[in-house]
Amino acid sequence: MTLTVSNLHTHFFTRAGVVKAVDGVDFQIAPGEILGLVGESGSGKSITGFSIMGLIDDPGRIVSGSIRLKGEELVGASEDAMRTVRGNRIAMIFQDPMMTLNPVLRVDTQMVEAIRAHEKISKRDALARCRDALGMVGIPAPEERLRAYPHQLSGGMRQRVAIAIAFLNEPDLIIADEPTTALDVTIQSQIIHEAQSLCKRTGTALVWITHDLAVVAGIADRIAVMYAGRIVETGDIDAVIDTALHPYTVGLLGSVPTSNRRGERLTQIPGMPPNVMNLPKGCAFGERCPRRSSECDAEPLITEPRPAQAVRCFHPHGQGGKL
Amino acid sequence: MTTPILETRNATKRFSRTLDFAAKLAQRLGANVSDETVHAVDGVDLQIMPGEVVGLVGESGCGKSTLGRMVAGILPPTEGSIVFNGVDIAAMDAKAARKAALEIQMIFQDPFASLNPRMRVDQIIGEAPLFHGIVSRAELSDYVDDIMRRTGLDPSLKRRYPHQFSGGQRQRIGIARALAVKPRFLVCDEAIAALDVSIQAQIINLFVDLREELDLTYLFISHDLSVVEHISDRVVIMYLGRVVESAPIADIFDAPNHPYTVALLNEAPRLDQRNRNFQPVKGEIPSPLDPPPGCHFHPRCPHAHARCSAERPVLREVAPGRLSACHLND
Ligand SMILES: Nc1ncnc2c1ncn2[C@@H]1O[C@H](COP(=O)(O)OP(=O)(O)OP(=O)(O)O)[C@@H](O)[C@H]1O
Ligand SMILES: Nc1ncnc2c1ncn2[C@@H]1O[C@H](COP(=O)(O)OP(=O)(O)O)[C@@H](O)[C@H]1O
Ligand code: SF4
Ligand code: SF4
Ligand SMILES: [Mg+2]
Ligand SMILES: [Mg+2]
């Protein structure tokens with residue numbers, strides 16, 4: 001396994017109370033695999049990503065759990081150790097590429113710096129590698145773009161440069177947090193295409209965080225669905241989309257317009273996601289769930305009703321119930 | 001034949017950025033700067049029939065919002081005209097213009113920015129109908145309750161302020177405010193884009209219900225093809241300020257005509273297409289400051305030929321009810 005996250009809890013201790021942003025997350029990802037992490041806003045996707053990167057700041061803290069990268073524990077590692085891990089073994093891509101790029105430095109300066117921070121290599125060789133990396137993410141005339149400043153590039157180009165930087169050191173793992181959400185359809189599909197082929201080529205594992213189920217369907221091998229700080233369902237992409245087990249996943253899928261339901265009413269999940277500062281007792285989805293019973297006042301544990309598909313629910317679909 | 005409820009004739013909007021003093025000086029000294037003109041919308045002819053839902057799709061900056069604002073009468077066209085119920089809006093007398101302004105309402109993407117934070121919900125919804133005499137002061141409270149119920153809001157919350165509502169509820173408030181003046185035509189500009197998936201479904205269903213209950217006509221602007229496919233009767237595709245294709249919804253999804261439409265449909269992510277091998281169209285969307293000559297799409301088009309960079313393809317009927325602007329149809 002490239003990464004094994006077990007029972008991760010990341011909380012924010014604010015004046016208004018404890019925000020349990022991540023509250024018991026487990027997942028694994030194998031080399032070259034693409035995992036789609038989906039959920040609505042506030043469900044804890046980004047904080048899961050930041051926890052893995054070791055980028056949780058006050059008032060937040062990883063309160064318990066384990067994050068192992070190729071067997072090596074990252075929770076509790078020193079800041080020095082984490083700095084070596086970041087950019088070299090784990091890289092992150094953000095929705096806004098300017099989180100990665102320095103506006104006052106030329107692209108070549110930043111890229112060469114990113115390589116030389118982790119490796120003894122001549123400037124010339126580093127430059128050659130940067131040029132290849134830009135070519136691989138579909139940037140035309142990479143030689144020229146290397147000499148550009150970020151503001152001279154379009155949004156799509158900047159995101160490509162950020163992706164090229166993430167892949168530069170062929171890290172074990174990349175965490176991409178809504179990397180194409182701000183981009184147009186044709187540019188999004190170019191970037192997904194490039195990320196997909198880079199993962200295949202380098203064996204880098206990729207966590208693709210998004211709220212867009214259709215994007216995940218197109219790119220991911222496996223999917224993990226988050227709700228109120230927990231993963232409520234995970235499995236192979238086909239299994240989860242075709243035969244979802246969790247009532248929340250079923251509701252989400254029903255609310256996406258698709259061509260075979262053109263014009264019909266969409267399924268509505270009633271109500272809104274709960275406030276993670278003040279979660280209801282028992283199952284966090286209980287208040288919105290059509291399958292709820294008195295059993296759901298306790299906390300559901302993870303079960304595996306089907307091979308390679310896990311769910312956190314007392315009454316999952318597809319078990320005597322109708323799908 | 002029925003008259004369209006709304007028509008744009010050669011609707012054109014140019015925004016120009018004139019040079020400031022320093023730039024003019026630089027120009028006099030021989031620097032290569034000039035006044036910049038954005039052709040945000042470039043000669044659009046559009047006809048919308050009463051009761052129709054027309055989806056307007058295109059990538060960022062192609063002019064959807066600008067066209068929507070011209071249709072809603074918020075932005076005057078630089079050239080061309082907007083015709084409502086057969087009458088040019090620019091030629092209407094004051095009374096007719098006021099009536100048209102009420103009958104066409106616009107709903108925006110960001111529900112929060114478009115609501116006055118210091119007004120209570122009942123004031124936000126009730127202000128315009130009271131002012132325009134659509135409802136008397138005595139009936140106002142019941143009127144507001146009724147509209148709130150219709151849009152899925154609990155009338156007992158009417159004394160609250162916008163910040164006390166969730167994003168989805170704020171969008172409902174925005175819709176309620178628009179409906180309060182009894183419009184016939186709604187321009188919805190990315191009206192669900194800022195909402196979470198499960199909340200989007202609630203609002204899409206609301207638009208569908210309201211259309212049936214109130215006999216509304218929509219111009220539904222969205223960059224999300226699957227949402228447009230779900231809600232519209234007809235779709236209009238724009239690229240860099242121009243309409244490139246217009247067709248009934250089933251036709252365009254089953255057999256797109258314009259190469260740009262084909263690319264958009266291929267690349268839009270869909271639930272039923274798993275782990276796919278993306279075959280993206282090449283290149284970036286060109287700057288509207290300096291659009292390519294001839295067919296705007298030619299630098300990215302896999303079928304481009306000599307004529308495409310020389311001559312603008314006209315939007316014309318290629319099959320009954322279907323319009324496309326591509327030289328391949330000749
Ligand atoms: N007030 C303005 N001044 C100058 N340029 C403008 C103005 N409003 C719009 N534009 C330009 O006109 C073009 C069309 O803009 P418009 O907002 O209509 O696009 P859009 O299709 O709605 O894009 P999006 O999907 O990003 O909302 C863009 O290039 C934009 O930068
Ligand atoms: N610095 C912080 N202080 C307090 N709460 C936070 C902080 N960062 C995130 N949160 C909360 O943690 C929860 C999960 O956030 P996040 O992971 O960003 O969600 P998303 O799934 O949208 O990426 C949210 O309720 C958010 O408000
Ligand atoms: S545990 Fe109960 S309330 Fe929670 S999702 Fe399952 S059925 Fe619904
Ligand atoms: S006119 Fe030419 S460039 Fe434009 S879409 Fe048709 S074939 Fe392509
Ligand atoms: Mg996030
Ligand atoms: Mg817009």
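Annotations
- When we screen B:E245, B:E284, B:E229 for residues that are assigned to a loop (DSSP other than H, G, I, E, B), of a type outside the set (V, I, T), in contact with a helix residue (DSSP H, G or I) (Cβ under 7 Å, 6 or more places away or on another chain) and closer than 21 Å to B:K64 by Cβ, the only hit is B:E284.
- Matching residues in region B:283-325 - criterion: being touching a His at 6+ places or on another chain (Cβ under 9 Å) and more than 10 Å from ligand 4 (Cβ to nearest atom): B:P286, B:P288, B:L289, B:P291
- Scanning region A:249-266 finds one or more residues that are in contact with a strand residue (DSSP E or B) (Cβ under 7 Å, 6 or more places away or on another chain) and more than 7 Å from chain B (Cβ to nearest Cβ).
- Subset of region B:47-62 that is in a strand (DSSP E or B) and in contact with a Leu (Cβ under 8 Å, 6 or more places away or on another chain) - its residue that is nearest to B:N10 (Cα to Cα): B:Q47
- The residue that is surrounded by the fewest Cβ atoms within 10 Å (Cβ to Cβ), among those in region A:158-187 that are within 24 Å of A:M1 (Cα to Cα) and among the β-branched types (V, I, T), is A:I174.
- Selected residue (only one of B:V41, B:V87, B:V57, B:V71 is closer than 20 Å to B:Y218 by Cα and more than 16 Å from ligand 1 (Cβ to nearest atom)): B:V87
- Taken over region A:237-248, the criterion of being among the hydrophobic types (A, V, I, L, M, F, W, C) and either more than 7 Å from chain B (Cβ to nearest Cβ) or on the phi > 0 side of the Ramachandran plot (or both) is satisfied by A:A239, A:V240, A:A244, A:L245.
- Breaking point among (1) within 16 Å of ligand 4 (Cβ to nearest atom); (2) under 26 Å from the mean Cα position of the chain (by Cα), for B:L328: (2)
- The set of residues from region A:74-115 being more than 24 Å from A:E178 (Cα to Cα), of a type outside the set (A, V, I, L, M) and in a helix (DSSP H, G or I) comprises A:E79, A:D80, A:T84, A:D108, A:T109, A:E113.
- Listed by first and then second residue, the pairs linking a residue in region A:267-279 that is away from chain B (no Cβ under 12 Å) to a residue that is at pLDDT 85 or above and in a loop (DSSP other than H, G, I, E, B), with Cβ atoms under 7 Å apart and 6 or more places separating them unless they lie on different chains, are A:V276/A:G42; A:V276/A:A228; A:V276/A:G229; A:M277/A:A16; A:L279/A:A228.
- Matching residues, region B:192-237, being at the interface with chain A (Cβ under 9 Å from one of its Cβ atoms), β-branched (V, I, T) and in contact with a Leu (Cβ under 7 Å, 6 or more places away or on another chain): B:V197, B:I204
- Residue within region A:55-62 that is more than 16 Å from ligand 1 (Cβ to nearest atom) and in contact (Cβ under 8 Å) with a residue 60 or more places away in the chain present: no
- For region B:271-291, the tally of residues that are modelled with pLDDT under 85, at the interface with chain A (Cβ under 7 Å from one of its Cβ atoms) and either under 23 Å from the mean Cα position of the chain (by Cα) or buried (at least 16 other Cβ atoms within 10 Å of the Cβ) (or both) stands at 7.
- Residue pairs meeting the criteria (Cβ under 7 Å; at least 6 apart or on separate chains; first surrounded by fewer than 19 Cβ atoms within 10 Å (Cβ to Cβ), in region A:237-258; second part of a helix (DSSP H, G or I)): A:T258/B:S226
- B:G294 being among the small types (G, A, S), within 16 Å of ligand 6 (Cβ to nearest atom) and buried (at least 17 other Cβ atoms within 10 Å of the Cβ): no
- Residues that are over 14 Å from B:I104 (Cα atoms) and surrounded by 21 or more Cβ atoms within 10 Å (Cβ to Cβ), drawn from region B:208-232: B:I221, B:S222, B:L225, B:V227, B:V228, B:E229, B:H230, B:I231, B:S232
- Among (1) among the polar types (S, T, N, Q); (2) within 16 Å of ligand 1 (Cβ to nearest atom); (3) in a strand (DSSP E or B); (4) within 16 Å of B:C188 (Cβ to Cβ) - the single one B:Q105 does not satisfy: (2)
- Members of region A:257-289 found to be among the charged types (D, E, K, R) and either assigned to a helix (DSSP H, G or I) or within 16 Å of ligand 4 (Cβ to nearest atom) (or both), listed by number: A:R261, A:E287, A:R288
- Scanning region A:254-288 for residues that are within 17 Å of B:V228 (Cα to Cα) and under 21 Å from the mean Cα position of the chain (by Cα) gives a single hit, A:V256.
- For region B:129-149, the set of residues classified as in contact with a Leu (Cβ under 8 Å, 6 or more places away or on another chain), assigned to a helix (DSSP H, G or I) and more than 11 Å from B:I173 (Cα to Cα) consists of B:P129, B:L130, B:R137, B:L140, listed by residue number.
- Qualifying residues in region A:27-43 (those that are under 30 Å from B:G167 (Cα atoms) and either assigned to a strand (DSSP E or B) or touching a Lys or Arg at 6+ places or on another chain (Cβ under 8 Å) (or both)) - the one farthest from ligand 2 (Cβ to nearest atom): A:L35
- Only listed residue being polar (S, T, N, Q), under 23 Å from A:V18 (Cα atoms) and either modelled with pLDDT under 90 or touching a Cys at 6+ places or on another chain (Cβ under 6 Å) (or both), chosen from A:N260, A:N275: A:N275
The values are calculated or read from the model by the stated rules, or taken from the named source; none is laboratory data. Remember, it's a predicted structure, so these values are computed and weren't measured experimentally. Note: ideal-geometry Cβ built from the backbone for every residue, glycine included; neighbour counts use all protein chains shown.
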